[in-house]
Amino acid sequence: SILLLVGFGFMDNMIMIAAGEYIERSIGATLALSTMAAAGLGNLLSDIVGVATSNKIEAYAERAGFKSPVLTAAQEATRGPRMAKVMGAIIGISVGCVLGMFPLMFFDADEVAHEKEREEEKLALARAAKAG
């Protein structure tokens with residue numbers, strides 16, 4: 001159902017953003033991870049959580065009264081229901097992903113850039129001290 005996809009998109013983006021930010025700020029500089037590597041690891045975590053929680057989200061949606069319509073095989077084979085399913089999925093995941101971006105309101109991108117610069121300066125000074 002569309003609500004399942006809203007829930008999945010919300011959880012996926014929310015966890016990916018929060019985990020990616022945490023990874024970048026905590027171990028990113030230490031392990032010399034790029035922002036994209038931290039985002040990729042955040043995405044991995046969010047995908048794992050998504051797989052683990054998809055049944056729960058679906059159960060909540062059904063308890064709330066959102067159920068998929070029962071169609072005959074002939075009805076499912078027609079273009080209308082297939083298009084409705086695809087469009088519902090596109091809309092649901094899109095709405096969920098946009099709503100799941102709310103953690104971005106709590107992060108200061110300039111602060112992260114300055115932290116990276118400070119870490120890079122520390123590493124450069126440590127290398128220079130070791131070399132000289």
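The values are calculated or read from the model by the stated rules, or taken from the named source; none is laboratory data. Please read these numbers as outputs of a predicted model, since none were measured by experiment. Cβ: placed from backbone, ideal geometry, glycine included. Neighbour counts: every protein chain shown. All accessible areas refer to the heavy atoms of the entire protein, side chains included, with ligands and DNA or RNA removed. Shrake-Rupley method; radii C 1.70, N 1.55, O 1.52, S 1.80 Å.
Side notes on the structure shown:
- Qualifying residue in segment 59-67 (condition: at pLDDT 85 or above, open to solvent by 40 Å² or more (accessible area, probe 1.4 Å) and within 14 Å of the chain's Cα centre (by Cα)): no
- Checking the stated criteria, Ile15 turns out to be β-branched (Val, Ile, Thr) and buried (at least 16 other Cβ atoms within 10 Å of the Cβ).
- Subset of segment 35-55 (residues that are open to solvent by 30 Å² or more (accessible area, probe 1.4 Å) and either hydrophobic (A, V, I, L, M, F, W, C) or outside any helix (DSSP H, G or I) (or both)): Met36, Ala37, Ala39, Leu41, Leu44, Leu45, Ile48, Val49, Val51, Ala52
- Complete set of residues in segment 18-34 that are over 18 Å from Asp47 (Cα atoms), open to solvent by 60 Å² or more (accessible area, probe 1.4 Å) and assigned to a helix (DSSP H, G or I): Arg25, Ile27
- Members of segment 68-97 found to be open to solvent by 70 Å² or more (accessible area, probe 1.4 Å), without any contact (Cβ under 8 Å) to a residue 12 or more places away in the chain and assigned to a helix (DSSP H, G or I), listed by number: Ala73, Ala74, Gln75, Glu76, Arg79, Arg82, Met83, Lys85, Val86, Met87, Ile90
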